[in-house]
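Data first, discussion second: the structure below is written as structure tokens.
The values are calculated or read from the model by the stated rules, or taken from the named source; none is laboratory data. Because the structure is predicted, anything quoted here is derived from the model rather than measured. Cβ sites come from the backbone with ideal geometry, for glycine too, and all protein chains shown count toward neighbours. Heavy atoms of the whole protein, side chains included, go into the accessibility calculation; ligands, DNA and RNA do not. Shrake-Rupley method; radii C 1.70, N 1.55, O 1.52, S 1.80 Å.
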Amino acid sequence: TGRSTTDITIKAHLMRLARVSPSNGEIVIVAVNDADVQKLDLTQVEKCHKLCDILHSPDPVGLSKFLIDPNAAPIPIDEVRFLAPIDQQEVWAAGVTYKRSQVARMEESEAGASHYDMVYTADRPEIFFKANAARVSGPGQVVRVRHDSKWSVPEPEFTLVISPKGKLVGYTVGNDMSARDIEGENPLYLPQAKVYNQCAGLGPCIQLAEGELDKKATTIKLTIERSGKSVFKGETNLGQMAREFDDLIRWLTRENDIPNGAFMMTGTGIVPPDAFTLFDGDSVSITIAGIGTLTNPVVKESYPE
């Protein structure tokens, strides 16, 4: 709990929302500030019961400001536990949206290298289903390496929050856990390399979409620690992306309804070297400028075949 798993960086003029559990154990929706959170009173609006009800409203920013409870004392960030900011939305992902990702996917899959090369420049992007809410881990919760994978990595991804009507309503931090050896063996194994228990991380909060996003200034940083020591660090920025958000959303929602809304991971531009794989007990931290840091411990367990 606290800043050990959730380092929040806030700009005062931008609204950020989160699902948190204070020390009394209840789950509340809050606006996130520098050092504290402010409870939202959802009883003020009919049929507003969950975070997604705010996100899917006609004016999420205006509604959030209206719901801030002036009678509730701010709660210090260190006294709340941040939860994954997801209700029943689907989680989708886009691949090969950064040049570095294209190169890495070609390197891992000798047989399918040409496919990854072509999709990088094609009009139609690579989009795949990643997770339902039950497979998503929040801040401080474990993400998993498949027991049958010997080469797995986290993929730090800027993640779009999309309403049922296909409107971009916010952004969060995503971790797209990937078994590179399984996917590399055969591109048709992509679902098994990507979709399994605790295969995704989201959080710590959602920055509501307001105005123009400075992509080059939106940095994404990855740090992996092992036994308390850093074993990998990487950094990129959204200016390196080859796809536009609106384009990804347009393809996601083409003949594909999202009645509960969706989170969409937009690909990674940070890829650890081929010799690197995650170990049981590692810690993965992904920081996106203006949103915060998502930290998850890694677990890998043995299962009988």
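How about segment 36-84: which of its residues are open to solvent by 60 Å² or more (accessible area, probe 1.4 Å) and outside any helix (DSSP H, G or I)?
Of everything in segment 36-84, those that are open to solvent by 60 Å² or more (accessible area, probe 1.4 Å) and outside any helix (DSSP H, G or I) turn out to be Lys39, Glu46, Lys47, His49, Lys50, Pro58, Asp59, Pro70, Asn71, Ala73, Pro74, Arg81.
Output the residues belonging to segment 258-279 that are part of a loop (DSSP other than H, G, I, E, B), within 30 Å of Leu213 (Cα to Cα) and either hydrophobic (A, V, I, L, M, F, W, C) or under 16 Å from the mean Cα position of the chain (by Cα) (or both).
Once the filter is applied, which keeps residues that are part of a loop (DSSP other than H, G, I, E, B), within 30 Å of Leu213 (Cα to Cα) and either hydrophobic (A, V, I, L, M, F, W, C) or under 16 Å from the mean Cα position of the chain (by Cα) (or both), segment 258-279 yields Ile258, Gly261, Thr266, Gly267, Thr268, Gly269, Ile270, Val271.
Can you name the residue in segment 185-197 that is assigned to a helix (DSSP H, G or I) and within 20 Å of Met264 (Cα to Cα) and is also most open to solvent (accessible area, probe 1.4 Å) among such residues?
Gln192
Confirm whether Ala200 is open to solvent by less than 10 Å² (accessible area, probe 1.4 Å), among the hydrophobic types (A, V, I, L, M, F, W, C) and without any contact (Cβ under 8 Å) to a residue 60 or more places away in the chain.
Against the criterion (open to solvent by less than 10 Å² (accessible area, probe 1.4 Å), among the hydrophobic types (A, V, I, L, M, F, W, C) and without any contact (Cβ under 8 Å) to a residue 60 or more places away in the chain), Ala200 does not qualify.
Which condition number in (1) within 14 Å of the chain's Cα centre (by Cα); (2) open to solvent by 30 Å² or more (accessible area, probe 1.4 Å) is the one that Ile288 fails?
(2)
For (1) in a strand (DSSP E or B); (2) crowded, with 20+ Cβ neighbours inside 10 Å, each residue gets a yes or a no:
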position	(1), (2)
Val161	yes, yes
Thr172	yes, yes
Glu183	no, yes
Lys221	yes, no
Ser230	yes, no
Trp251	no, no
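Collect the residues in segment 9-35 that are of a type outside the set (A, V, I, L, M), part of a loop (DSSP other than H, G, I, E, B) and over 18 Å from Thr172 (Cβ atoms), keeping them in residue-number order.
Those that are of a type outside the set (A, V, I, L, M), part of a loop (DSSP other than H, G, I, E, B) and over 18 Å from Thr172 (Cβ atoms): His13, Ser23, Asn24, Gly25, Glu26, Asp34.
Could you grab me the full set of residues in segment 280-305 that are assigned to a loop (DSSP other than H, G, I, E, B) and under 21 Å from Glu235 (Cα atoms)? Show your work before the answer.
To start, the set of residues in segment 280-305 that are assigned to a loop (DSSP other than H, G, I, E, B) comprises 280-282, 289-291, 300-305.
Passing the criteria: Asp282, Ala289, Gly290, Ile291.
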